[in-house]
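Just so it is clear, none of the values below were taken in a lab; they were calculated from the coordinates. Model, not experiment: these values are computed from the prediction. Glycine gets a Cβ as well: all are built from the backbone with ideal geometry, and neighbour counts include every protein chain shown.
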Amino acid sequence: MVTDDPNISTRVEARYQSASQATVCRALKLAHFHPYKIRLTQELHANDELRRLRYCRWFLDVSEENYYFSKYILFSDECTFQNNGNVNRHNSHYWVTENPHWMQQAHTQVRWSVNVWAGILGDNIIGPYFIDGNVNGNEYRRFLNNELVALLDNVPLKLRMNMWFQQDGHPAHTAKATRELLNEKFGNRWIGLHGPREWPPRSPDLTQLDFFCGVI
């Protein structure tokens with residue numbers, strides 16, 4: 001069955017064979033089959049390595065001066081959730097005896113989608129906040145001016161007063177009006193593309209959100 005359909009689940013196999021799922025898993029293991037999972041990767045450009053190293057060295061230097069520095073950074077990100085069948089890595093397996101270096105393509109047509117913003121500040125989950133429509137400069141600045149303040153209500157005042165704000169290089173984040181607003185709100189305590197401290201492009205591996213919240 002797994003030779004005919006390497007994506008088949010052990011639950012489906014168990015149902016067809018009138019056996020327990022544990023029995024199916026044992027049989028696959030004895031036959032040296034392994035459930036390979038998809039790993040999403042980020043393409044890097046030629047000059048990305050230097051920019052990533054520059055950021056990491058700065059971060060380590062500051063952390064040596066202040067061990068708790070990372071707890072004062074509000075790491076933020078947005079994600080668009082769609083109904084177009086994008087890969088769920090937890091439920092997608094490929095049963096074979098050797099790594100097939102398999103790729104699974106996602107559909108491109110979308111019937112509906114929803115944009116979600118979330119943040120992590122120390123031990124606090126900030127949000128999530130659902131954004132109607134596309135994330136453009138005006139909507140993002142409205143969020144920073146109005147919604148972010150409310151989302152931080154339960155964060156201790158000392159943490160808010162010393163907080164750094166991090167964002168990626170989304171066009172809504174890098175607009176001149178957005179950067180001026182961030183300078184007004186945070187001074188030089190924000191991290192982002194074209195900011196006082198550059199956030200290196202194509203670096204989802206440097207923020208906790210992609211590991212903890214799954215917002216990439």
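Converting phi to 3J(HN,Hα) with the Karplus coefficients 6.51, -1.76 and 1.60 and the offset θ = phi - 60°, the stretch 145-160 yields 6, 10, 6, 4, 4, 5, 5, 8, 3, 8, 7, x, 4, 4, 5, 5 Hz in sequence order, with x at every glycine or proline. Close amide H partners of Asp77, meaning residues 5 or more places away or on another chain with modelled amide H under 5 Å apart, are Ala118. Scalar couplings 3J(HN,Hα) for the stretch 164-179, obtained by applying the Karplus form with A = 6.51, B = -1.76, C = 1.60 to θ = phi - 60°, are 9, 10, 10, 8, 8, x, 4, x, 5, 7, 9, 4, 4, 5, 5, 5 Hz; x denotes Gly and Pro.
So, by mean Cβ neighbours within 10 angstrom, what's the order for 188-197, 142-151 with the highest one leading? All intermediate terms of the calculation are to be shown ahead of the outcome.
Details: 188-197: 17.7, 142-151: 14.7.
Listed from highest to lowest mean packing, they are 188-197, 142-151.
So for the pair Arg11, Asn66, with labels modelled 7 Å out along Cα→Cβ, what separation do we get in nm? With each label placed 7 Å out from Cα toward Cβ, I get 4.7 nm.
Here Lys29 is the anchor, and the lysines within straight C-alpha reach of less than 28 Å, apart from those fewer than 8 places off in the same chain, are Lys37. Annotation: peptides 128-135, 202-209, 72-79, ranked by per-residue average of other Cβ atoms within 10 Å with the highest first, follow the order 72-79, 202-209, 128-135.
Each of Leu157 and Asn115 was given a label point 7 Å from its Cα along the Cα-to-Cβ line. The distance between the two points is 3.4 nm.
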